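Below is one structure, written out as structure tokens, with a few remarks after it.
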Amino acid sequence: MKYLIDTHILIWFIEGNKQLAEKARVLIANPTNDIYVSQASLWEITIKISIGKLSLSISIGELELFLVTHQFQILETKFSHYEILQYLPFHHQDPFDRLIIAQAKAEDYVVITQDERFKLYDVKLY
């Protein structure tokens, strides 16, 4: 199965945060699942660290090694994602989340999130 994880899910997984349900943690750690991280999430994390809104137990350089070690795949943005994004209703104002939703729709991936606003979109959720 192919999953795209929302930014907060990635952060919780990295930090071992208890807000991430054990079932989701096991699913993400299972090497038989394809886990994708959007470039939008990496951009969001970097921006939040640089302005002091987020701190991680690992550096951005270590984040790359973490993703490789856990066999996460980086989902780059494509024009097919932008085509969906341009028509996406504004149920959600966060530009990073909107791009993640558009990517999931375009690629037919299941999004792992706890953001209730994702339910307002026609996207597969876990």
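The values are calculated or read from the model by the stated rules, or taken from the named source; none is laboratory data. The model shown is predicted, which means the values in this text are computed figures rather than measured ones. Cβ sites come from the backbone with ideal geometry, for glycine too, and all protein chains shown count toward neighbours. Surface accessibility is based on the protein's heavy atoms, side chains included, excluding ligands, DNA and RNA. Shrake-Rupley method; radii C 1.70, N 1.55, O 1.52, S 1.80 Å.
Can you tell me the relative contact order of the chain? Whole percent, Cα pairs under 8 Å, sequence separation 6 or more. Working shown, then result.
Numbers: 148 pairs, mean separation 39.2, N = 126.
So the answer I get is 31 percent.
Taking all protein chains as present, what is the carbon and sulfur share of the accessible area of the chain, in % to the nearest whole number, probe 1.4 Å? Walk me through the numbers on the way to the answer.
Numbers: 3980 of 7160 Å².
Ligands and nucleic acids excluded, carbon and sulfur give 56 percent.
What number, in percent, do you get for the relative contact order of the stretch 86-126 if the mean sequence gap of Cα pairs under 8 Å and at least 6 apart is divided by its residue count?
On the way: 35 pairs, mean separation 15.7, N = 41.
The normalised contact order for the stretch 86-126 reaches 38 percent.
Think of a 1.4 Å ball rolled over the protein heavy atoms: the stretch 20-126 then has 59 Å² of accessible area per residue. Each of residue 55 and residue 68 was given a label point 7 Å from its Cα along the Cα-to-Cβ line. The distance between the two points is 2.7 nm. Spatially close Lys pairs in the chain, defined by Cα atoms under 21 Å apart and a spacing of eight or more places or different chains, total 12. Here the label points at residue 114 and residue 33, each 7 Å from Cα along the C-beta direction, are separated by 1.5 nm in the simple model.
From helices alone, the chain scores -14500 deg cm²/dmol at 222 nm; the rule is -39500 (n - 2.57) for each run of n ≥ 4 DSSP H residues, then divide by the residue total.
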